[in-house]
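What follows is a set of notes on a single structure, which appears directly below.
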Amino acid sequence: MNINKNQLLEKYGKSLLVNENLSKYSWFKLGGPAELFFRPKDREQLINFLKEVRIENNYINVLGAGSNTLIRDSGVNGLVIKLGSSFSDIKLLEKDTIEVGASTLDRKISDFASNNNISGLEFLSCIPGSIGGGIIMNSGCYGSDISNILESIRVIDLNGNEKTIKNSEINFFYRGSDIPKNYIIVSAVLKGKISNKEIVQKKQQELIQKKKDSQPSKVKTGGSTFKNNKEKKAWKLIKESGCDKYSVGDAKISEKHSNFFINSGQAKASDIEKLINKVKKDVKDKTGEKLELEIKIIGNAE
Ligand SMILES: Cc1cc2nc3c(=O)[nH]c(=O)nc-3n(C[C@H](O)[C@H](O)[C@H](O)COP(=O)(O)OP(=O)(O)OC[C@H]3O[C@@H](n4cnc5c(N)ncnc54)[C@H](O)[C@@H]3O)c2cc1C
């Protein structure tokens, strides 16, 4: 990083923090400090900062709502950027088209769509992340995902240059996309179908109920730990291998959904990671199937 920390701290004031503890920014409630933690107050400040620090690819991590991310105990070298509330505007562009800031929570977008008689975004009410994270992950459930509703994204690269990328230019796949790591998504345009509020709300409620019935709520987790295999769901492979009863310290596997790994109290991130590796190895040994991680693990390995 091409930086003088003290100069930057003076210039960016409250937006820039040194050794900020990251556990509060992750759903697991785990993780050590970020060497530098930047929460830009607006787009202009983000651009100026990036132009000034000229950061390299491997020194930056962007955090959304942290609902898909495990942060290691020893923290993160370099810069962690988290977009705050000034990146959470929602605007109706056309009757079926919405523009949203990247830190807007999916749930809020779903509600905005239903209040404006737009269907197709109901599934977002079941995903606890931000739309920025959702786009990177191509998040989805119950037969829909982000790639179905995304028109375009607005990104800023690490040199502070801004551009628009259309959906057709992005390769989306199951729980992922090829959006390069040096792009910070700042906003997105989403498109649904003109419908009727009552119908949309009914569907939202059905999906929310379905989720409640099948997955744990109010737990410290990153959601599905592994991606589903083509033939078999990850939770089934874990259960059938007898791994669903495993634990490491306070890192446990949900009794309700064996692909949800949980910090049940005082777990360390390393406990969760050990549990992940143990399950992965034993599922492979017992079934021959290779589980691929869905959650992202960031930070310095111990
Ligand atoms: C209880 C629970 C239920 C869940 N259910 C589902 C589900 O049904 N379906 C599903 O798909 N997922 C589910 N998840 C996982 C998670 O909610 C989604 O992947 C979500 O979209 C992640 O969004 P986030 O903002 O929390 O991303 P984060 O975890 O903060 O980040 C995820 C990735 O996106 C990147 N990123 C985040 N914001 C930006 C940005 N602005 N610009 C560039 N990169 C960015 C990060 O660097 C990281 O690589 C669940 C998680 C939990 C805890």
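The values are calculated or read from the model by the stated rules, or taken from the named source; none is laboratory data. The structure presented is a predicted model; accordingly, all values stated were derived computationally and were not measured. Positions of Cβ are generated from backbone atoms using ideal geometry, with glycine treated the same way; all protein chains shown enter the neighbour counts. Please note that ligands, DNA and RNA were not included when accessible areas were found on the heavy atoms of the full protein model with its side chains. Shrake-Rupley method; radii C 1.70, N 1.55, O 1.52, S 1.80 Å.
Which one of V53, V80 is β-branched (V, I, T), open to solvent by less than 10 Å² (accessible area, probe 1.4 Å) and over 30 Å from K218 (Cα atoms)? Even if it seems obvious, please write down each step before you answer.
Values: V80 fails: over 30 Å from K218 (Cα atoms).
Going through V53, V80 in turn, just one is β-branched (V, I, T), open to solvent by less than 10 Å² (accessible area, probe 1.4 Å) and over 30 Å from K218 (Cα atoms): V53.
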Of (1) outside any loop (DSSP other than H, G, I, E, B); (2) not basic (K, R); (3) not assigned by TED's automatic domain parsing to the domain that holds S15, I47 satisfies every one except (3)
Note: among I135, I156, I184, I179, just one is modelled with pLDDT of 95 or more, within 30 Å of S23 (Cβ to Cβ), of a type in the set (A, V, I, L, M, F, W, C) and in a loop (DSSP other than H, G, I, E, B), namely I179
Taking segment 258-284 and the residues there that are touching a residue at least 40 places away in the same chain (Cβ under 8 Å) and of a type in the set (D, E, K, R), the one that is most open to solvent (accessible area, probe 1.4 Å) would be K268
Within segment 113-143, the count of residues that are under 14 Å from I208 (Cβ atoms) and within 11 Å of the ligand (Cβ to nearest atom) comes to 8
Test: L93 is outside any helix (DSSP H, G or I), assigned by TED's automatic domain parsing to the domain that holds G176 and either surrounded by fewer than 21 Cβ atoms within 10 Å (Cβ to Cβ) or in contact with an Asp or Glu (Cβ under 6 Å, 6 or more places away or on another chain) (or both): yes
Item to check | Filter result for K29 (in a helix (DSSP H, G or I) and either open to solvent by 30 Å² or more (accessible area, probe 1.4 Å) or polar (S, T, N, Q) (or both)) | outcome: no
Those residues of segment 245-257 which are in a loop (DSSP other than H, G, I, E, B) and either assigned by TED's automatic domain parsing to the domain that holds Y25 or open to solvent by less than 70 Å² (accessible area, probe 1.4 Å) (or both) amount to Y246, G249, D250, S254, H257
Per the filter on segment 209-245, residues away from the ligand (no atom under 11 Å from the Cβ) and either in contact with a helix residue (DSSP H, G or I) (Cβ under 6 Å, 6 or more places away or on another chain) or of a type in the set (V, I, T) (or both) are F226, L237, I238, S241, C243, D244
If we keep only residues of segment 62-77 that are within 21 Å of L8 (Cα to Cα) and at pLDDT 95 or above, then the residue most open to solvent (accessible area, probe 1.4 Å) is V62
When (1) touching a Pro at 6+ places or on another chain (Cβ under 9 Å); (2) open to solvent by 50 Å² or more (accessible area, probe 1.4 Å) are applied to L46, the one that fails is (2)
Do the conditions hold for G242, that is, is it open to solvent by less than 70 Å² (accessible area, probe 1.4 Å) and under 23 Å from Y174 (Cα atoms)?
no
